[in-house]
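**Q** Okay, here's the structure, questions in a sec.
The values are calculated or read from the model by the stated rules, or taken from the named source; none is laboratory data. Bear in mind that the values here come from a model prediction, so they are computed numbers and not experimental data. Glycine also receives a Cβ, built like all others from the backbone with ideal geometry; neighbour counts cover every protein chain displayed. Keep in mind that these areas ignore ligands, DNA and RNA; they rest on the heavy atoms of the full protein, side chains included. Shrake-Rupley method; radii C 1.70, N 1.55, O 1.52, S 1.80 Å.
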Amino acid sequence: MESTREIQQLKSRLRDLAERSYRQNMYCFSGFLSLDEQDQLWSMEKELHYCNCQLWGGYEQAERKVARFGSAEELGYEEDYPMVCIHIKPLQAKFADTLSHRDFLGALMNLGIERSTLGDIRVGEKEAYLYCLSGMAEYICGHLDKVKHTSVKCVPVAETADIPQEEPQELVVQLPSLRIDACLAKVYNRSRGEILEAFQGGRVYVDGRLCENNSRMLKGGETVNLRGYGKFVFTGEQKETRKGKLSVKVLVYM
């Protein structure tokens, strides 16, 4: 978050959504929240205990997520998250540039779109899958026709099964303990000093919550995000080596 004022404005918006959901007996949705914003939401967990809140970004390992206030148990019905996945692909793949996440995001921002309406952008070599709020899908499909120097077309994905699955790299690392800093250093081949700087700079998250304790022990199933590098899931699978170290398996998403 950039300032105390922005934090307070975000919390006020989230508070209003929770109160409206509870008062009007209906689901209420936020825009897409960054990791910083999700952490602010979790900091309000006790305050908003009266209203069930869940996060979803369109797929299992999504980073940017929409908060939904209300639950089927409380309201007696189910309502999907208001998001769409759009396939952005070149008109002529043969002549298309190799495009990065920055290229796709820059093209979208040039359309004057608010970041909160956009979720994750999963990038291939020359194409991308963009998650966005439902209300923005028609505008994006009608106006995004070029990324960098490549002419593109945008098509909403009708079936979730048509979206390629994000395949993690399975990695086995040897650690002296299950400390999160030790695991991060091994997974991303960084020094312990660099990893400590990442903690001090507020760049490490566990399951969407800011982690400031570099000696925290990892638990099976937790997702660890190191901003600027990617994320991994600690599977919990481990065994002791002959030299007394722990051999653990992680699933790395770049």
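**Q** Placing one identical point scatterer on every Cα of segment 6-90 and ignoring solvent, what is log10 I(q)/I(0) from the Debye formula at q = 0.14, 0.26 Å⁻¹?
**A** -0.49, -1.39
**Q** With volume of the Cα convex hull per residue in Å³ as the read-out, I listed (1) 122; (2) 161; (3) 144; which label goes with the value calculated from this structure?
**A** (2)
**Q** How big is the dipole moment of the chain about its Cα centre under a simple scheme where the beta carbon of each Lys and Arg is +1, that of each Asp and Glu is -1, and everything else is neutral? Debye, nearest 20, please.
**A** 960
**Q** Would you check the accessible area of residue 51, probe 1.4 Å, heavy atoms only, in square angstrom rounded to 10?
**A** Surface open to solvent at residue 51 totals about 10 Å².
**Q** Turning to a different aspect of this structure: With every protein chain kept in place and ligands, DNA and RNA left out, what is the accessible area per residue of segment 158-254? Probe 1.4 Å, answer in Å².
**A** 58
**Q** Report, ordered by chain and residue number, the lysines lying within cross-link reach of residue 94, taken as a straight Cα distance under 26 Å and ignoring same-chain residues fewer than 8 apart.
**A** 126, 146, 148, 153
**Q** Please compute the contact order of the chain in relative form: average sequence separation of alpha-carbon pairs under 8 Å and at least six residues apart, divided by the residue count, as a percent.
**A** 15
**Q** Could you give the nm distance between label points at residue 235 and residue 16, where each point is 7 Å from its Cα heading toward the beta carbon?
**A** 4.6
**Q** Mind ranking 108-114, 8-14, 31-37 by how tightly packed they are, going by the mean number of other C-beta atoms within 10 angstrom, highest first?
**A** For the peptides 108-114, 8-14, 31-37, the packing ranking is 31-37, 8-14, 108-114.
**Q** How about residue 231: which aspartates and glutamates have a C-alpha closer than 14 Å to its C-alpha, ignoring those fewer than 8 places off in the same chain?
**A** Those aspartates and glutamates meeting the cut-off are 60, 63, 120, 166, 167, 170, 181, 207, 222.
**Q** To continue, here is another question. Report the FRET efficiency, 1/(1 + (r/R0)^6), for residue 219 and residue 166, where r is their Cβ-Cβ distance and R0 is 22 Å, rounded to 0.05.
**A** 0.50
**Q** Let me ask you something else. Using DSSP to define loop residues, name the GluC sites (Glu not before Pro) in segment 132-180 whose beta-carbon has at most 11 other beta-carbon atoms within 10 Å.
**A** Those that pass, being in a loop and sparsely packed, are 159.
**Q** Write out the cysteines belonging to the chain for which the nearest other cysteine Cβ is not under 4.7 Å, or none if no such cysteine exists.
**A** Cys with no partner Cβ under 4.7 Å: 28, 51, 53, 85, 132, 183, 211.
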